[in-house]
Amino acid sequence: MAFRTTAILRQGLKLRPPFELALRSSCLQLVLARWGLETAALMGLRGEQTANDDDRKVRAVEAITTAMYESGLDDHATSAEKSMLDKPYRTWEYSDYAYGDHWEALGVLQWLLGRQHAIPT
């Protein structure tokens, strides 16, 4: 049974060149940076925030979105990723926050690309 499953998986896999992996890694990193800002806002992490902090976060969200589109990474982003980045700050839905589960995938992808010496734990 395990052999049959492995054979089926091999038929469905498409090997990608390293530059495509790097592009996907970049897309994933931008969306996860936005996820971090949205998660912090959702959790109400205030600490010693000032009025400028919220403005700074709005500018950071705009910079992340701008980076995606001006660099051409949007051609390599999924429709879900683009949809999340296009939403205004603090308007994410519950399903958007589940994207944070991809942190581990980014770590493994960076290891595969040689950017990490070991798989992050």
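Brief remarks follow.
- Whichever residue in the range 82-106 is open to solvent by less than 40 Å² (accessible area, probe 1.4 Å) and among the hydroxyl-bearing types (S, T, Y) and, among such residues, is modelled with the highest pLDDT: Y89
- Residues located in the range 1-28, provided they are at pLDDT below 90, open to solvent by less than 100 Å² (accessible area, probe 1.4 Å) and not aliphatic (A, V, I, L, M): T5, T6, G12, P17, P18, E20, R24, S25
- Test: residue in the range 40-54 that is closer than 26 Å to Q110 by Cα, modelled with pLDDT of 85 or more and out of contact with any His (no Cβ under 9 Å at 6 or more places or on another chain): yes
- For V61, the conditions (1) of a type outside the set (S, T, Y); (2) more than 23 Å from L15 (Cβ to Cβ); (3) in a loop (DSSP other than H, G, I, E, B); (4) open to solvent by less than 70 Å² (accessible area, probe 1.4 Å) are fulfilled apart from (3).
- Counted residues, the range 65-81 - those being among the charged types (D, E, K, R) and buried (at least 18 other Cβ atoms within 10 Å of the Cβ): 1
- Any hit, the range 69-78, residues being at pLDDT 95 or above and on the phi > 0 side of the Ramachandran plot: yes
- Cβ-Cβ under 8 Å pairs, at least 6 apart or on other chains, the range 66-93 side within 18 Å of G36 (Cβ to Cβ), far side open to solvent by less than 40 Å² (accessible area, probe 1.4 Å) and not in a helix (DSSP H, G or I): M68/A77; M84/W92; L85/A77
- Meets criteria (touching a Pro at 6+ places or on another chain (Cβ under 8 Å) and in a helix (DSSP H, G or I)) for G107: yes
The values are calculated or read from the model by the stated rules, or taken from the named source; none is laboratory data. Computed from a predicted model, the values in this text were never measured in an experiment. Heads up, the Cβs are rebuilt from the backbone with ideal geometry, glycines too, and the neighbour counts pull from every protein chain shown. When the accessible area is computed, the model is the full protein with side chains, heavy atoms only, and any ligands, DNA or RNA have been set aside. Shrake-Rupley method; radii C 1.70, N 1.55, O 1.52, S 1.80 Å.
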